[in-house]
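Take a look at the structure set out below.
No lab work stands behind these numbers, since they all come straight from the coordinates. Predicted model, so just to flag it, every value in this text is computed and none were measured. Don't worry about glycine lacking a Cβ; one is built from the backbone with ideal geometry, like all the others, and counts go over all protein chains shown.
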Amino acid sequence: MKSSFYITTPLYYVNDKPHLGTAYATIMTDVLARYHRLFGEDVYFLTGTDEHGQKCQQAAEKNGLTPQQHCDQMVVNFEKAWSDLNITYDIFYRTTNPAHIKAVQKSLQQLFDVGDIYSDTYEGWYSVSEEIFYTEKDLVDGKSPTGREVTRVQEKNYFFKMSKYQQALIDHIEKNPTFIMPEAKKNEVLGFLRQPLSDLCISRPKARLSWGIEIPFDKDYVTYVWFDALLNYATAVGYQDPARQKDFEHWWNQTGAVHIIGKDILTTHAVYWSTMLLGLGVRLPKTIFAHGWILNKASEKMSKSFGDVVNPMDMKDKVGVDALRYYLAREIHFGNDAPFTVDLLLNRINTELANNLGNLWSRSSQLVEKFFEGRIPSIEMTDVENEPLAKHAVATAEKLKTDINNFQPSHGIEHVVLLLNEANKYLEEKAPWKLAKTSLEEAGVVLRLVLEVVRISSILLEPTMPMKMAELQKRMALPESANKWHEAQTLLGLITGSSIQKGEPLFPRYE
Ligand code: MSP
């Protein structure tokens with residue numbers, strides 16, 4: 001049976017416009033989703049928007065709109081950005097959709113009925129921008145630990161018994177080494193869980209905030225935006241919907257969710273979400289992977305609140321969407337923070353795309369045009385099977401797959417870069433332009449092997465650079481294949497005698 005893979009991005013706050021930081025999470029999730037499709041897996045890719053909460057209500061009021069109108073207007077920014085960045089999501093999920101609202105209410109009721117939700121008076125500090133409560137001891141210089149304004153609140157609220165599941169969560173993390181990744185983040189969460197866990201305030205009085213999902217057992221309250229938003233990952237695949245039990249069984253229970261998130265929302269996912277699921281008696285996600293931040297010039301997290309954000313569309317217009325995707329997937333070790341500067345971007349494009357891959361293609365295709373009338377020269381397996389380059393070429397796919405499965409796309413891509421380096425060296429050493437003078441056949445074999453390396457590389461880089469690699473395959477006259485993953489591990493895949501087109505440089509070089 002075909003194996004399946006369920007991957008999610010966070011649901012973005014609808015009132016921010018996408019910037020390079022949020023685009024990063026989405027592009028990386030898309031790169032991973034496309035690799036898993038290439039491996040032949042049945043992939044379900046979810047993204048969407050987090051639409052309830054105080055920030056949204058305030059922004060709508062400011063613009064003289066209802067919150068729903070405001071969301072409907074803002075959501076277009078995301079749909080447009082993801083389409084421009086070639087994001088292949090299967091579902092764009094909005095937390096204001098009726099099926100989600102119903103499922104969240106059912107979940108609240110279920111936890112209330114078993115006694116995992118209780119009411120109490122809450123007194124403490126609240127950060128509107130983060131929608132998080134803080135206790136006195138959490139505050140740093142009178143602000144939230146991340147430097148946001150807080151206000152004092154005292155009110156009756158409902159609480160979820162998070163503390164009840166603390167030990168079960170610790171056990172689960174310890175027994176499942178790939179539940180929280182990377183390793184350092186897993187240890188951070190375990191460190192956090194060494195302190196006693198408090199219960200989670202999951203309600204907001206309507207008097208203060210009406211834009212949210214009404215609590216079914218107390219109409220004066222809506223639920224906390226995180227309680228609502230986190231449930232999306234399960235409700236989107238049919239949780240609490242009797243008509244979609246099969247979907248839920250397949251995607252949630254059997255496949256298991258992989259959540260790609262930024263490290264700033266690790267606690268909400270690893271602790272809030274996991275204990276909610278334990279309370280509901282539902283399987284925990286397969287993996288929660290926390291990536292690092294794209295940093296701005298001042299080496300802070302790039303974010304609208306700090307100004308100084310890079311618009312991904314400007315970068316896309318400058319270098320093209322594929323080069324931008326390549327840079328993010330290749331330059332940054334997934335999990336680490338990384339600065340973003342145009343110099344770094346252009347440097348990576350020049351060295352690996354223009355000089356390495358682009359150059360290999362332009363030189364080899366030019367020689368094929370010169371000596372073979374632009375037709376792919378013939379080859380016999382016996383001509384090349386002992387060449388180290390040939391062995392290297394067919395072994396690259398599996399190495400890349402191992403790294404992708406470990407959430408290390410930068411390492412996975414590096415295997416292809418090393419292969420292309422070797423092919424460039426091979427071309428230089430074999431000098432088919434000289435060979436052609438004595439043996440056209442031998443020159444043909446060298447060029448054919450190089451072209452096969454370009455073909456294999458184009459398949460292995462396609463999830464990162466879908467448009468450019470499709471273009472390259474077209475220039476190589478590569479027929480459509482039903483099983484590209486198999487083709488990537490097969491040395492000979494081009495069609496002898498078919499006409500190739502060198503074309504314009506695939507990746508222009510930048511000064
Ligand atoms: N709405 C919540 C998530 C709810 S998920 C059930 C939220 N939204 S967000 O729009 O503020 O952030 C979404 C994601 O973008 C987070 O994973 C965050 O880490 C990521 N990024 C925002 N700025 C970023 C960078 N500068 N760099 C990398 N990712 C960053 O949180």
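Annotations for the structure displayed:
- Computed label-point distance, nm, for sites Asn86 and Thr438 using a 7 Å Cα→Cβ extension: 4.3 nm
- Where Rh is the Kirkwood radius over Cα pairs, Rg/Rh for the chain: 1.05
- Per-residue [θ]222 nm for the chain (sum of -39500 (n - 2.57) over DSSP H runs n ≥ 4, rounded to 500): -13500 deg cm²/dmol
- The range 296-364 and the range 1-75 have their alpha-carbon centroids 21 Å apart.
- Bridging of Lys401 to aspartates and glutamates at a Cα separation below 16 Å is possible for Asp30, Glu41, Asp42, Glu414, Glu462, Glu487, once same-chain residues fewer than 8 apart are set aside.
- Cα gyration tensor, the range 250-344 - rounded (a/c under 1.5), prolate or oblate: prolate
- Each residue of the range 497-511 was assigned a 3J(HN,Hα) from its phi angle through the Karplus curve 6.51 cos²θ - 1.76 cosθ + 1.60 (θ = phi - 60°); the sequence is x, 7, 7, 9, 10, 4, x, 5, x, 4, 10, x, 8, 9, 7 Hz, with glycine and proline shown as x.
- Zone residues, the range 108-127, relative to Lys143, backbone N less than 11 Å from point 7 Å out along Cα-to-Cβ: none
- Rounded is the label for the range 65-195, because the ratio a/c of its alpha-carbon gyration tensor axes (a ≥ b ≥ c) stays below 1.5.
- Among the trypsin sites (Lys or Arg not before Pro) in the range 293-395, those placed in a DSSP loop whose Cβ has at most 13 other Cβ atoms within 10 Å are Lys297.
- Nearest-ten-degree value, helix 388-405 long axis tilted from longest Cα axis of the chain: 10 degrees
- Folded to 0 to 90 degrees: helix 440-461 orientation relative to the chain principal axis, Cα: 0 degrees
- From most to least packed by mean Cβ count within 10 Å, the peptides 209-217, 493-501, 279-287 give 209-217, 279-287, 493-501.
- Coupling constants for the range 14-29 follow from the phi torsions by the Karplus curve (6.51 cos²θ - 1.76 cosθ + 1.60, θ = phi - 60°), and in residue order they are 5, 8, 9, 7, x, 10, 4, x, 6, 5, 4, 4, 6, 5, 5, 5 Hz; glycine and proline get x.
- Neighbour-limited loop hits for GluC sites (Glu not before Pro), the range 67-156 (at most 15 other Cβ within 10 Å; DSSP other than H, G, I, E, B): Glu149
- The phi torsions of the range 256-271, fed into the Karplus equation with coefficients 6.51, -1.76 and 1.60 and a -60° offset, translate into couplings of x, 7, 10, 9, 9, 9, x, 5, 5, 10, 6, 5, 4, 7, 5, 9 Hz, rounded to whole numbers, with Gly and Pro shown as x.
- In a fully extended conformation the segment linking Leu65 and Ala482 would gain 145.2 nm over its present Cα-Cα distance, using 0.36 nm per residue.
- Each Cα pair under 8 Å and six or more residues apart adds its sequence gap; the mean of these over the residue count of the chain is a relative contact order of 15 percent.
- Qualifying lysines (Cα of each under 21 Å from Cα of Lys297; at least 8 residues distant if same chain): Lys17, Lys263, Lys316, Lys318
- For the chain, the longest principal axis of the alpha carbon atoms and the long axis of helix 98-113 meet at an angle near 50°.
- Global geometry of the range 262-314, whether rounded, prolate or oblate, following the gyration tensor of its Cα atoms and the 1.5 cut on a/c: prolate
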